[in-house]
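Student: Take a look at this one; I'll ask things after.
The values are calculated or read from the model by the stated rules, or taken from the named source; none is laboratory data. Source: prediction; values computed, not measured. In this analysis, Cβ positions are derived from the backbone assuming ideal geometry, glycine residues included, and neighbour counts consider all displayed protein chains. The protein model used for the area step is the full one, side chains on, heavy atoms only, and it has no ligands, DNA or RNA in it. Shrake-Rupley method; radii C 1.70, N 1.55, O 1.52, S 1.80 Å.
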Amino acid sequence: PAVSIQGLMGLPTSTAGFGSSGVDVGFAVSFYKTVLERLHFYVVLGGTYFTDSRTQGLRYEKEGYQAIVGTELAVWSRFSLIVQYMTFTPLLETPAPLNRNRNYVAGGIKWEFVDGSSLELSLVENLYPFTSSADVGLATGFSFRF
C-alpha cells in the first residue's frame, strides 16, 4: 500500500477580477493499493480553504471537500482501463442549484507509450443533481518520471 500527503497553495496571481485575491490553501491524502499485480485501487480525500471567497460577484464557499474512489485494471502491460467516482461539496453559496454537491463518474484509458511516460484520456459524466455541473467532460493527463 502507498500513502501520499500533499499540501496545496494558491497565490493571487490572476488578472484583476479573475480568480482569488487571497492565498488559498488545501490538502489531499491519497491511498493506493495493488491487488493481483493488475488491479489497482485508490482513494483521495481532500479539502480547500479560500481566504477570499468572492470573485466578480460570485460568493464561493470558504471550505470545500472532495472524495474520489477509483480502480485501474491493467489489460496489457502498457494499457489500462480506469473507472472512478468523485464527489465534491458545493462550490458556490448561491444561486440554487449551483450550491449543491457535485457528483461525477468517469471512465477512461491509460497508455504508457514510453517507459515512465503515460497518456490518460477519460470521459466524465455528472450524476445527481444534474443541474449543478457540466453534463459531460473530457479529461486528459500526461505524466512522466525524471
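Student: Of the listed values (i) 130; (ii) 254; (iii) 116, identify the label whose number matches volume of the Cα convex hull per residue in Å³ calculated from this model.
Tutor: So the calculated entry is the one marked (i).
Student: Once amide H atoms are placed 1.01 Å from N in the peptide plane, what residues at a sequence separation of 5 or more from Gly22, or on another chain, have their amide H within under 5 Å of its amide H?
Tutor: Asp52
Student: Need the full-extension length gain, Phe113 to Val25, defined as separation in residues times 0.36 nm minus the C-alpha distance. One decimal, nm. Walk me through the numbers on the way to the answer.
Tutor: On the way: separation 88, 0.36 × 88 = 31.68 nm, distance 3.46 nm.
Full extension from Phe113 to Val25 adds 28.2 nm.
Student: Given +1 on the Cβ of Lys and Arg, -1 on the Cβ of Asp and Glu, and no further charges, what dipole in debye does the stretch 1-127 carry about its Cα centre, rounded to the nearest 20?
Tutor: Details: 9 positive and 11 negative charges, 38 e Å.
Roughly 180 debye for the stretch 1-127.
Student: Once you keep just the Cα pairs under 8 angstrom separated by 6 or more residues, what percentage relative contact order results for the chain? Intermediate values should be presented prior to the final figure.
Tutor: Values: 355 pairs, mean separation 20.2, N = 146.
Taking the mean separation of contacting Cα pairs over the length of the chain, I get 14 percent.
Student: Follow-up. Please give the length that would be gained between Ala139 and Leu81 if that part of the chain were fully extended, namely 0.36 nm times their separation in residues minus their C-alpha to C-alpha distance (nm, one decimal). Please list the in-between numbers first.
Tutor: Working: separation 58, 0.36 × 58 = 20.88 nm, distance 1.42 nm.
Here the answer is 19.5 nm.
Student: Given 0.36 nm per residue, what is the gain on full extension from Leu11 to Asn101 after removing their alpha carbon distance, in nm?
Tutor: 29.9 nm
Student: Pop out the carbon and sulfur fraction of the accessible area of the chain as a percent, whole number, probe 1.4 Å. Could the numbers behind the result be given before it?
Tutor: Working: 6270 of 9620 Å².
Roughly 65 percent of what the probe reaches on the chain is carbon or sulfur.
Student: For Val69, put the label point 7 Å out on the Cα→Cβ axis and report which residues of the stretch 90-127 keep their amide N under 19 Å from it.
Tutor: 101-108, 125-127
Student: Using +1 at the C-beta of Lys and Arg and -1 at the C-beta of Asp and Glu, which of Val43, Val69, Ala106 has the Cα lying farthest in the positive direction of the dipole of the stretch 40-107?
Tutor: Sorting the options by dipole projection puts first Ala106.
Student: How much accessible area per residue does the stretch 33-146 have, counting only protein heavy atoms and a probe of 1.4 Å, in square angstrom?
Tutor: Per residue, the stretch 33-146 has 64 Å² of solvent-accessible surface.
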